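Data block below; observations after.
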Amino acid sequence: MKIILINPPVYDFSAYDVWIKPLGILYLSNILKKHNFEIVLLDCLDRNFFLDKPVKENGTGKYPYEVVQKPSVLSNIPLRYKRYGVSKKIIEDFLLTHKDARYVIVTSCMSYWYLGVEEIIDTVKRLLPESKIILGGTYPVIMPEHAKSLFSSKVALISCKPGFYEVLDYLDIPEKEYYNSFENFPAPDYTLYKRVWYVVLRLSYGCGNRCTYCATGSIFSDYQVKDIKKVVKEIIELYNLTNCQNFVFYDDYLPINKRYFLDLFKELSKLNLKIKFFTPNGINPKLISKETAILLKQLNFIDPRLSLETVSNLTHNLVDKKVFLKDFEEALKNLVLAGYNPNEISVYLLAGLPGETIEDVYNSINIMSAYKVRIRLSELSIVPKSKLFYDLNLDETVDPLLYNNTIFLFHGIPGKIKPWCNFEEMQQLKNHVKEINSKINVLDFKESYV
């Protein structure tokens, strides 16, 4: 019995392939294969479809796009709106090649990317009217009522709970409870791609923190960690399968704890594989000891990204309580002593944190500039089901398009949340970061540690 798995195109003001893979359906693929389903994948962001776009050494690169008309709710935004990914003709040709598919499972990511989901579901309904459509992924989990209002009449199932239980139950998979535990997930299925430029995987499911601006802690009832031996086995298998050197940890919370990280790194160091590791979701500086830093360097962790968000300890006490400036300083010192140059290390700062003004963000940026690390500025957006979402008295009557992090800080939500700044101020803030990063000179700074 054939199942098509689909990762939709993206409608947004900007999008870039920064190690973006539909990890959920890659896990699901190997689960379904174990139960004798025939699986085909249409990843509309798969770079195999557009090899004319340059691929960087780390596997990242640009998506092709076409400029499209902005939805009316975004009509006053001074930016072009685009559709990223494969053409509609490629999608249609693919579906017509697999008209015998019994089921089509559509995944989703950001809630404000639902227009791509809508395009795919409408196309499947038109071309494969006999196929049953299942919608899952992040969007219906964090905005179930919105998803139901748009798609209940078009799909057979909307999976509004995290994990695979609802989908596996609908497909009548025996022992579906087995996959309630992340420990029992198989490796993600990269056989679905012709060529792999990077491998994404996870060590854990959920998050050990409860930051007010994030929904992960409220969505997942518990924090599940995969056994180190299983993780190492997966990495070996995926390395041999893909012949790829770029491995990316998608975890929301790294390191899981000092002991786990150290034990994992020691096992990985025994493998002597030519792998580069990346941590795009950030590493908690508090847990980077001297020993951990040495192993990060030895294992070829590229651009370790430290999650700081702000230099204000007062703000940290209000929003996350996970890290403070002194923790960042200690982690940075350990990384430099382990052999990293400061400009090989990044720090995440977050604009728009509750209680902070744009002047506070400039202050964080200017203080970080003295450390000569690369500053990565992230823009806060409201995530449904986060504590901040409820604190602001928001609900699912708000169009998710307004939660887009590209626009939220200078646009706000009309009638509910005032803009945090204006468009020009946001651009000036970003340019300030670019200017500081362009002037990094590491020599004197590194010598002060050594």
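The values are calculated or read from the model by the stated rules, or taken from the named source; none is laboratory data. Keep in mind it's a predicted model, so treat the numbers as computed, not measured. Counting neighbours? That spans all protein chains shown, and the Cβs are built from the backbone with ideal geometry, glycine included. The accessibility values were calculated without ligands, DNA or RNA, using every heavy atom of the protein model including side chains. Shrake-Rupley method; radii C 1.70, N 1.55, O 1.52, S 1.80 Å.
Okay, here's what the table says:
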read-out	value
Cα centre as origin, Lys/Arg/Asp/Glu Cβ charges: the chain dipole, Debye	820 debye
Under the Karplus curve 6.51 cos²θ - 1.76 cosθ + 1.60, θ = phi - 60°, whole-Hz ³J(HN,Hα) for the stretch 281-298, x wherever Gly or Pro sits	8, x, 10, 6, x, 4, 9, 8, 7, 4, 5, 4, 4, 4, 5, 4, 5, 5
Most mobile of Tyr250, Tyr84, Tyr179 in a GNM of the chain (Cα contacts under 10 Å)	Tyr179
Amide H contacts of Asn246 (H built 1.01 Å from N, under 5 Å, at least 5 apart or other chain)	Val199, Lys276
The stretch 143-188: GluC sites (Glu not before Pro) in DSSP loop, at most 12 other beta carbons within 10 Å	Glu175
Sparse-neighbour loop sites [GluC sites (Glu not before Pro); the stretch 253-333; at most 15 other C-beta within 10 Å; DSSP]	none
Label-point separation in nm, Lys161 to Lys62, each point 7 Å along Cα→Cβ	4.5 nm
Partner aspartates and glutamates for Lys88 [C-alpha distance under 17 Å; skip if fewer than 8 residues away on the same chain]	Asp12, Asp43, Asp46, Glu66, Glu118, Glu119, Asp122
Average projection area in nm² (convex hull over Cα atoms of the stretch 47-189, one quarter of hull surface)	11.3 nm²
Förster radius 45 Å - calculated FRET efficiency between Lys99 and Glu330, Cβ distance, rounded to 0.05	0.15
Placed amide H near Gly137: partners under 5 Å, 5+ positions off or other chain	Ser108
Mean separation of Cα contacts under 8 Å, 6 or more apart, over the residue count of the stretch 267-407: relative contact order %	21 percent
Extension gain from Asn393 to Ala370, taking 0.36 nm per residue of separation minus the Cα-Cα distance	4.4 nm
Å² of accessible area per residue within the stretch 283-416, as computed with a 1.4 Å probe and no ligands counted	38 Å²
Extension gain, Ser72 back to Lys416 (0.36 nm per residue minus Cα-Cα distance, nm)	122.0 nm
Among the listed pairs Lys2/Lys230; Lys53/Lys270; Lys33/Lys161, those beyond 27 Å (Cα-Cα)	Lys2/Lys230; Lys53/Lys270
Sorted peptide list for 39-47, 389-397, criterion being average Cβ within 10 angstrom, highest first	39-47, 389-397
Candidates Lys82, Lys233, Lys161, ranked by Gaussian network fluctuation over the chain, Cα under 10 Å, top entry	Lys233
Base-10 log of normalised Debye intensity for the stretch 295-450 (one unit scatterer per alpha-carbon) at q = 0.09, 0.17, 0.20 Å⁻¹	-0.34, -1.02, -1.25
Mean separation of Cα contacts under 8 Å, 6 or more apart, over the residue count of the chain: relative contact order %	12 percent
GNM flexibility winner over the chain from Leu203, Leu115, Leu96 (Cα, springs under 10 Å)	Leu96
Solvent-accessible area per residue for the stretch 187-271 (1.4 angstrom probe, square angstrom)	43 Å²
FRET E, pair Lys33, Asp122, Förster distance 41 Å, beta-carbon r, rounded to 0.05	0.90
Per-pair calculated FRET efficiency, R0 = 60 Å: Gln427 and Glu130 via Cβ, rounded to 0.05	0.75
Inter-label distance for Val55 and Tyr178, nm, one decimal - labels placed 7 Å from Cα along Cα-to-Cβ	3.4 nm
With eigenvalues of the C-alpha gyration tensor scaled by 5 and rooted, the chain, Å	35, 28, 21
Whole-number percent relative contact order across the stretch 1-125, with pairs defined as alpha carbons under 8 Å at least 6 apart	42 percent
Per-residue ³J(HN,Hα) for the stretch 98-112, Karplus 6.51 cos²θ - 1.76 cosθ + 1.60, θ = phi - 60°, Hz, x for Gly and Pro	10, 5, 8, 5, 7, 10, 10, 9, 9, 9, 7, 10, 4, 4, 7
When each of Lys274/Lys430; Lys34/Lys258; Lys297/Lys326 is checked by Cα-Cα distance, pairs over 26 Å	Lys274/Lys430; Lys34/Lys258
Heavy-atom accessible surface of the chain: percent carbon and sulfur, 1.4 Å	49 percent
